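The values are calculated or read from the model by the stated rules, or taken from the named source; none is laboratory data. None of these values were measured; they are calculated from a predicted model. We place every Cβ from the backbone using ideal geometry, glycine too, and count neighbours over all the protein chains shown.
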Amino acid sequence: MKIRAVLFDLDGTLLDRRATFRRHLERQLARHPGMFRPEPGSRYIRRLLELDENGSLDRAVFYDRAEAEFGLSPGSAATLVEDFERFFPEECIPLPNVHETVDVLRGLGLKLGLITNGRGLIQRRKLRGLDLETSFDSVVISEEIGCRKPDPRIFSHALAELDEPAHAAVYVGDNPEPDVLGAKGAGLYSIWRRDDFWTEPDGADHVIDDLAEVRTWVRRQGRRGGPT
Ligand SMILES: [Mg+2]
């Protein structure tokens, strides 16, 4: 089957979340110089990045943990969540070849979609921060439709918006369970963007290190008539 639609995850797939969050923490600590004294910022940042669990925690939970671990004054977590929500989306750094890949796939006549777990306002601001606001034919955000990856309904919702069947679509994501297993469970092809934080999942149709590899796979599917 020829691929007619390519759908992406956002955090860790288009957005270089690790680089963005490190930069965000550096700026955040600078914005709140009294909060973490008397230790130097770099020690905090190293530990905060460990606590972050690659962004899989709700930010309120993450900053509550930070407040407890560092003995910050009560209310600090709420202040830092507010700071995160205010500044992070505008600090977004894309992974390499994001814009080139989107342009090339579009040029091949493919429909493009985005499916992300998260809060509507924040995720849409991240898209704007990445200059990808108008790049997709469908943007589906878990908060806005009331279900999250790996629930197959979120994939079906996006496919309905794109007016394509699952077997003509591929989903690209970095997190094995919601992305790879989620897409497979909904009947889509699945590309795993390798991230050393996660263990390589079974069942991905293809594994990439760089987004530019997506177009090669899509073109090959067209010639082959489908994955073997
Ligand atoms: Mg992700």
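A few comments on the model shown:
- Taking the listed residues Phe21, Phe62, Phe70, the one that is surrounded by 14 or more Cβ atoms within 10 Å (Cβ to Cβ), over 21 Å from the mean Cα position of the chain (by Cα) and of a type outside the set (Gly, Ala, Ser) is Phe70, with no other qualifying.
- Pairs with Cβ under 9 Å, 6+ apart, first in the stretch 195-220 and among the polar types (S, T, N, Q), second surrounded by fewer than 16 Cβ atoms within 10 Å (Cβ to Cβ): none
- In the stretch 16-57, residue farthest from the ligand (Cβ to nearest atom) [restricted to those that are among the acidic types (Asp, Glu) and more than 21 Å from Arg119 (Cα to Cα)]: Glu39
- Checked against the criterion of being over 21 Å from Asp195 (Cβ atoms) and at pLDDT 90 or above, the stretch 34-48 has no qualifying residue.
- Residue check: Thr134 meets all listed conditions (1) surrounded by fewer than 18 Cβ atoms within 10 Å (Cβ to Cβ); (2) in contact (Cβ under 8 Å) with a residue 12 or more places away in the chain; (3) within 19 Å of Val98 (Cα to Cα) but one, namely (2).
- So Gly222, is it outside any helix (DSSP H, G or I) and surrounded by fewer than 17 Cβ atoms within 10 Å (Cβ to Cβ): no
- Taken over the stretch 160-193, the criterion of being among the basic types (Lys, Arg) and within 12 Å of the ligand (Cβ to nearest atom) is satisfied by Arg193 alone.
- Hits in the stretch 1-24 (condition: of a type in the set (Gly, Ala, Ser) and either modelled with pLDDT under 90 or not in a loop (DSSP other than H, G, I, E, B) (or both)): Ala5, Ala19
- Members of the stretch 148-172 found to be small (Gly, Ala, Ser) and buried (at least 17 other Cβ atoms within 10 Å of the Cβ), listed by number: Ala158, Ala166, Ala168, Ala169
- Here Ile145 meets the list (1) surrounded by fewer than 14 Cβ atoms within 10 Å (Cβ to Cβ); (2) over 22 Å from Leu95 (Cα atoms); (3) not polar (S, T, N, Q) almost entirely, failing just condition (1).
- Those residues of the stretch 89-127 which are within 15 Å of the ligand (Cβ to nearest atom) and hydrophobic (A, V, I, L, M, F, W, C), in sequence order: Cys92, Ile93, Leu95, Val98, Leu114, Ile115, Ile122, Leu127
- Taken together, Ala160, Ala183 contain a single residue that is part of a helix (DSSP H, G or I), under 17 Å from Ala5 (Cα atoms) and under 16 Å from the mean Cα position of the chain (by Cα), which is Ala183.
- Residues located in the stretch 96-123, provided they are surrounded by fewer than 20 Cβ atoms within 10 Å (Cβ to Cβ) and closer than 20 Å to Pro178 by Cβ: Leu112, Gly118, Arg119, Gly120, Ile122
- Condition met for Lys126 (crowded, with 23+ Cβ neighbours inside 10 Å and in a loop (DSSP other than H, G, I, E, B)): no
- Of the helices (runs of 4 or more DSSP H) lying entirely inside the stretch 25-117, those containing at least 2 residues that are among the β-branched types (Val, Ile, Thr) are 76-87, 98-107.
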